[in-house]
Amino acid sequence: MTYEEAKEKLARAGQEHLLRYYSELDDAGRERLLAQIETLDLSLLDLIRDGVKEVPKGSLAPLGALTLEEIEEKKEYYEKKGADAIRSGKVGAVLLAGGQGTRLGLDKPKGMLNVGVTRELFLFEQLVNNLMQVVDRTGQWVPLFVMTSEKNYDDTTAFFKEHDYFGYKQEYIFFFVQKMAPSVSYDGRIYMEGKDKLSASPNGNGGWFSSMIDAGLLDKIHELGVEWLNVFAVDNVLQKIADPVFVGATMDAGCVCGAKVVAKADPNERVGVLCLEDGRPSIVEYYEMTDEMIHSRDENGKLLYNYGVILNYLFEVKTLVKIADEYMPVHVVEKKIPYMDENASLVSPGEPNGYKFETLVLDMIHLTDNCLSFEVDREKEFAPIKNRTGVDSLESARELMKKNGIAI
Ligand code: UTP
């Protein structure tokens, strides 16, 4: 793209300030800047033009779950079915580690967090340990795909290497990079991070499968014979990965997808709830629910919208391929965005100062025909680390790890 073309593209969206330092840049800097402007998706700005609007939901109805008791009754059967699938190489795992963990305030990948107390135990390490249990049980290495972002790819891959992949077999770990989206101020001006650099952040965890395709990993999936992918977040230190019981139950139910869920701790818990939307599986966020939905109970006194998702999903690969090009809603999220000020110095704000654009993996659920809602015990499988202290924190996760007999 030439300077003139860039200027014209930006002028249409009122973003000419991005070329303010062009004349000061050397040739390489100019090229870098023009390349970013060329791929810039300015249509995202339409999402905030007249205030931020969330995507309206269709008609919602509750969805139950395969409960802990029901799972316990058929545990052996499910486990065998799942373990057989794993043994024949049909199951892979996808670690979503492209996020920035701004709430935790780390300046490195979240997985590098030391969750140990008396010893070093990194988040990445504990996740690998969790997966290793399945490898030990089945005698099969489960391919582990790790999504990073442009911002943390180098640190993440170096960290795994430095720690000898935490004992995992290196040939079964595949790193890939997700796409970026521009970050903007509240009044819709795209921030700059440097004179030749637009401010951009990872575009959410919803693009993981298309990023895998872009990275050429679909060929690898086919080559390995992987038919199911278990996608999970980096920050739930207790979660089971490629859990044979979950895999077996999803297959047994004839579903194309499964979601691990926990019963809500209280009606107002801030979790997305698995439900039906226009007859298809979907996730309704806590802020999208009416008071009536939040408090309605069935004849046994159980909440109708009871099962919160924990970002641990199993998808059939065939279905993922089918839905790969379908439209995913883009969410506008308020975040703290480092930016270059009027004097060209970099500012790291203490409070949110603008918007990022993200697609979310939970929206993929609604693109599938059916989804098994699979209940897990939160005390055993749900310890997300979002903050330093308080709810969903390093502190609370450490408590739960101790309860589960993990030496920290
Ligand atoms: P979160 O919603 O907790 O976002 O991600 P985050 O960026 O890690 O943290 P905050 O909101 O800035 O504090 C849930 C999961 O999705 C991954 C994260 O790494 C985490 O595993 N994720 C999130 C991505 O892989 N890419 C993204 O663009 C965003």
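The values are calculated or read from the model by the stated rules, or taken from the named source; none is laboratory data. Model, not experiment: these values are computed from the prediction. Virtual Cβ from ideal backbone geometry, glycine too; neighbours counted across all protein chains shown. Accessible surface areas use protein heavy atoms only, side chains included; no ligands, DNA or RNA. Shrake-Rupley method; radii C 1.70, N 1.55, O 1.52, S 1.80 Å.
Table for the structure above
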read-out: Index of the failed condition, Ala263 passing every other in (1) surrounded by 15 or more Cβ atoms within 10 Å (Cβ to Cβ); (2) under 29 Å from Gly207 (Cβ atoms); (3) under 23 Å from the mean Cα position of the chain (by Cα); value: (2)
read-out: Filtered residue count, region 61-83, keeping only those that are open to solvent by 60 Å² or more (accessible area, probe 1.4 Å) and assigned to a helix (DSSP H, G or I); value: 10
read-out: Residue that is surrounded by the fewest Cβ atoms within 10 Å (Cβ to Cβ) [pool: residues in region 176-190 that are within 12 Å of the ligand (Cβ to nearest atom) and part of a strand (DSSP E or B)]; value: Val177
read-out: Matching residues, region 1-16, being under 32 Å from the mean Cα position of the chain (by Cα) and in a helix (DSSP H, G or I); value: Lys9, Leu10
read-out: Matching strands (runs of 3 or more DSSP E) fully within region 191-233 where at least 1 residues are open to solvent by less than 10 Å² (accessible area, probe 1.4 Å); value: 200-202, 228-233
read-out: Cβ pairs under 8 Å, 6+ apart, first in region 303-330 and under 15 Å from Gly258 (Cβ atoms), second outside any helix (DSSP H, G or I) and of a type in the set (Ser, Thr, Tyr); value: Tyr307/Ser373; Phe315/Thr368; Thr319/Thr368
read-out: Any hit, region 365-377, residues being among the β-branched types (Val, Ile, Thr) and open to solvent by 20 Å² or more (accessible area, probe 1.4 Å); value: no
read-out: Count - residues of region 21-60 that are touching a helix residue (DSSP H, G or I) at 6+ places or on another chain (Cβ under 9 Å) and not in a helix (DSSP H, G or I); value: 8
read-out: Residues that are closer than 30 Å to Ser199 by Cβ, among the hydroxyl-bearing types (Ser, Thr, Tyr) and open to solvent by 20 Å² or more (accessible area, probe 1.4 Å), drawn from region 378-408; value: Thr389
read-out: Residues of region 312-361 satisfying the condition of being of a type in the set (S, T, N, Q) and out of contact with any Lys or Arg (no Cβ under 8 Å at 6 or more places or on another chain); value: Thr319, Asn343, Ser345, Thr359
read-out: Any hit, region 306-315, residues being more than 16 Å from the ligand (Cβ to nearest atom) and either of a type in the set (Asp, Glu) or in contact with a Cys (Cβ under 6 Å, 6 or more places away or on another chain) (or both); value: no
read-out: Filter result (part of a loop (DSSP other than H, G, I, E, B), among the charged types (D, E, K, R) and either buried (at least 24 other Cβ atoms within 10 Å of the Cβ) or more than 12 Å from the ligand (Cβ to nearest atom) (or both)) within region 86-110; value: Lys90, Asp107, Lys108
read-out: Selection count, region 354-386, where residues are assigned to a loop (DSSP other than H, G, I, E, B) and away from the ligand (no atom under 14 Å from the Cβ); value: 8
read-out: Tally of residues being in contact (Cβ under 8 Å) with a residue 40 or more places away in the chain and among the charged types (D, E, K, R) across region 21-44; value: 4
read-out: Test: residue in region 316-336 that is out of contact with any His (no Cβ under 9 Å at 6 or more places or on another chain), among the aromatic types (Phe, Trp, Tyr) and either part of a strand (DSSP E or B) or surrounded by 16 or more Cβ atoms within 10 Å (Cβ to Cβ) (or both); value: no
read-out: Answer residue from region 148-165, given it is away from the ligand (no atom under 14 Å from the Cβ) and among the hydroxyl-bearing types (Ser, Thr, Tyr) and is surrounded by the most Cβ atoms within 10 Å (Cβ to Cβ) among those; value: Tyr165
read-out: Residue match in region 151-168 (condition: among the hydroxyl-bearing types (Ser, Thr, Tyr) and touching a Pro at 6+ places or on another chain (Cβ under 7 Å)); value: yes
read-out: Val52 being surrounded by fewer than 18 Cβ atoms within 10 Å (Cβ to Cβ) and in contact with a strand residue (DSSP E or B) (Cβ under 6 Å, 6 or more places away or on another chain); value: yes
read-out: The listed residue being free of Cβ contacts under 8 Å to residues at least 60 places away in the same chain, surrounded by 14 or more Cβ atoms within 10 Å (Cβ to Cβ) and within 18 Å of the chain's Cα centre (by Cα), out of Glu269, Glu285; value: Glu285
read-out: Odd one out for Pro349 among (1) within 14 Å of the ligand (Cβ to nearest atom); (2) in contact with a strand residue (DSSP E or B) (Cβ under 7 Å, 6 or more places away or on another chain); value: (2)
